[in-house]
Each structure stands twice: as C-alpha cells, then as structure tokens.
Amino acid sequence: MSEHVIVERQGAAQIIRMNRADKKNALTRAMYAAMAAALNTANDDPEIRVNVILGVPGAFSAGNDIADFMVVAAGGDGGNEVFDFLCALAKLEKPLISGVDGVAVGVGTTIQFHCDLSFATPRTVFHTPFTDLGIIPEAGSTLIGPALLGRQTAFAMLALGEPFSAERALDAGLIYRVVAEDALEAEVLSAAARIADKPRTALATARRLMVGDSEALVARITEEGQLFRKLLTSDEAKQAFFSFMSRKK
Ligand code: COA
C-alpha cells in the first residue's frame, strides 16, 4: 500500500484519494498498485457499490511520475503496476465517479475515459501531451477516445495534445458536469449515494452493456503498453523527460 493513496469507505462508496500534493499527484508505481488493489477489491466486496476517485485541491493528477519513465528510458524495469491499474479500470464491475480539480495530465485525463460520471471544477485543465513527450496515448484511450469524443476531437486531445478546459471537456462529452471547487466533493458523494441506492443487478447490467467489450479494451491497453514502453527508450522521449526534470535548475 502507498502512503500517497488513501482508501476509505463512506457507506457503500469506496473512496480512493490520490494524495501526493507536493508532486501534484504524479503517480508512482506504489500509487498505481494501491489503486489497482482497491478497484479489484471493489469487484469482490458486496459492501462496495460504487467507487470514487479524487485528488487534492488543485491537482487531480500530473500523470505518471516522470522519474519512473526515466528509469525505463534508461533500460530499467518499469514493473507491471501501471498495466495492472489500467486493467483494473477496464475490468471494473462497479461504477467509478471522479472529482477533478485543477491539474489533470496524462493518465489524470485518460482515467476519465473509464469513469461513469466525471465532475470537474472550472479551473480544471485536461491535458494529454503524450506525443510531445515522444510517447503515445494509453489506458485504452486510442479505442475509447474516438468512440466517446468523435475521431477529430479525440485526435486534437490525444494526438495533438491540445489542453481542454473543463467547459470544453463538458462540450466534448469527456465529463458529466462542471461544479464549483467548494461543491466538488459534495456533488461527487451525492452522485455516489444515488448510485448506491439503485437496484444492484440492474445497475451493474446497464453499466456492463454501456462499457462494452472489456476483453477488447484490455487487448488495446496491452498493445498500447507494448508500444509505449518501446517509445520510452527513444531519444525523443529521453530528451523530453530530461528537459522536464532539469527545467528548474
Ligand atoms: N512527474 C514527476 N514530478 C512531477 C510531475 C510528474 N509527472 N508533475 C509534477 N511534478 C513535480 C515537479 O517536478 C515539482 O517538483 P519539485 O517541487 O520537487 O520541483 C512538483 O511536482 C510541482 O510541480 P510544478 O511543475 O512546480 O507545478 P506547476 O503548477 O508549475 O505545474 C504541471 C504543474 C502538472 C503543469 C507540471 O508539473 C507538469 O507539466 N508536469 C508534467 C506533466 C506530465 O508531462 N506528465 C506525464 C504525462 S504522460
């Protein structure tokens, strides 16, 4: 378990909070492992009817920790934690609701493709600068993105790396609602309570039909992951990571 992920229960809701504020919730391998474990637990625990994922004020997540990318870029072992987390998202059997405030970079944005309801504050910016980093979109976003947003909007977000404001993300269909910062968590928890009150089997069945083929999704996550790992060792990627890590020096 990671000290940077807090998992709590509130009634029938499992609340997963990313809590590494000093690094804007950049995700480490330990954080991915903790979140994957929580999501997998939810599938098996009848007491949990809905999952909630939150960040800290001003930072949902700055994406994968770039120091971890650099380990792989240098030929090291990246572990399976990211893949396990993404598969846990794809295989999730119960609803996932997010509350997003502020920074939502990389996987901080692509998590939304797996959410049933995403709430974001007006100051939130969704940004997936994958190609600028010499890597590619992940988390099954190359499959879900075009289906959810339309091919061209998905291209603008995922391939061009255009930042999307909360309003634009709402218009594009990436998120469900924009709510004020001080109302965010109450709105998210109220939606979780509404979900938890629904007849269990009917809700799970409706969700499963809407999510679609999870095997195809896992296959795409696997394919993306293989290509992503290869690209992490490219000169373009190494240069981009080095520039970020040395920008303040
Ligand atoms: N990996 C590792 N560290 C990260 C990080 C990441 N993805 N994102 C932020 N951090 C660290 C910064 O290095 C900084 O650490 P320091 O205080 O020890 O120097 C701290 O978090 C705060 O970040 P900072 O850049 O000072 O905050 P900001 O508000 O000016 O900018 C971001 C926030 C998210 C816009 C900016 O940090 C950023 O672009 N991060 C990289 C995002 C990214 O490319 N992620 C990978 C996507 S695939």
Among residues of the stretch 44-65 being open to solvent by 30 Å² or more (accessible area, probe 1.4 Å) and either closer than 15 Å to Thr28 by Cα or in a helix (DSSP H, G or I) (or both), the residue farthest from the ligand (Cβ to nearest atom) is Asp44
Filtering the stretch 110-129 for residues that are buried (at least 24 other Cβ atoms within 10 Å of the Cβ) and within 13 Å of the ligand (Cβ to nearest atom) leaves a count of 5
Scanning the stretch 221-234 for residues that are open to solvent by 70 Å² or more (accessible area, probe 1.4 Å) and either in contact (Cβ under 8 Å) with a residue 24 or more places away in the chain or more than 15 Å from Phe69 (Cβ to Cβ) (or both) gives Glu223, Gln226, Leu227, Arg229
Scanning the stretch 139-151 for residues that are open to solvent by less than 20 Å² (accessible area, probe 1.4 Å) and part of a loop (DSSP other than H, G, I, E, B), the one farthest from the ligand (Cβ to nearest atom) turns out to be Gly140
request  = Would you mind stating whether Ala192 is assigned to a helix (DSSP H, G or I), within 25 Å of Gly58 (Cα to Cα) and under 19 Å from the mean Cα position of the chain (by Cα)?
outcome  = yes
Restricting attention to the stretch 159-185, the residues that are under 18 Å from Ile111 (Cα atoms), part of a helix (DSSP H, G or I) and open to solvent by less than 40 Å² (accessible area, probe 1.4 Å) number exactly 5
With the first residue restricted to the stretch 113-142 and required to be among the acidic types (Asp, Glu), and the second required to be near the ligand (Cβ under 10 Å from one of its atoms), Cβ contacts under 9 Å at 6 or more apart or on different chains are Asp132/Gly161; Asp132/Ala240; Glu138/Asn64; Glu138/Gly106; Glu138/Val107; Glu138/Thr110; Glu138/Phe130; Glu138/Phe228
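Residues checked against (1) free of Cβ contacts under 8 Å to residues at least 60 places away in the same chain; (2) part of a loop (DSSP other than H, G, I, E, B); (3) among the aromatic types (Phe, Trp, Tyr); (4) within 16 Å of the ligand (Cβ to nearest atom):
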| residue | (1), (2), (3), (4) |
| --- | --- |
| Gly78 | no, yes, no, yes |
| Val82 | no, no, no, yes |
| Ala104 | yes, no, no, yes |
| Gly108 | no, no, no, yes |
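The values are calculated or read from the model by the stated rules, or taken from the named source; none is laboratory data. What you see is a predicted model; the values in this text were computed from it and never measured. Don't worry about glycine lacking a Cβ; one is built from the backbone with ideal geometry, like all the others, and counts go over all protein chains shown. In case anyone asks, the SASA skips ligands and DNA or RNA and just uses the protein heavy atoms, side chains included. Shrake-Rupley method; radii C 1.70, N 1.55, O 1.52, S 1.80 Å.
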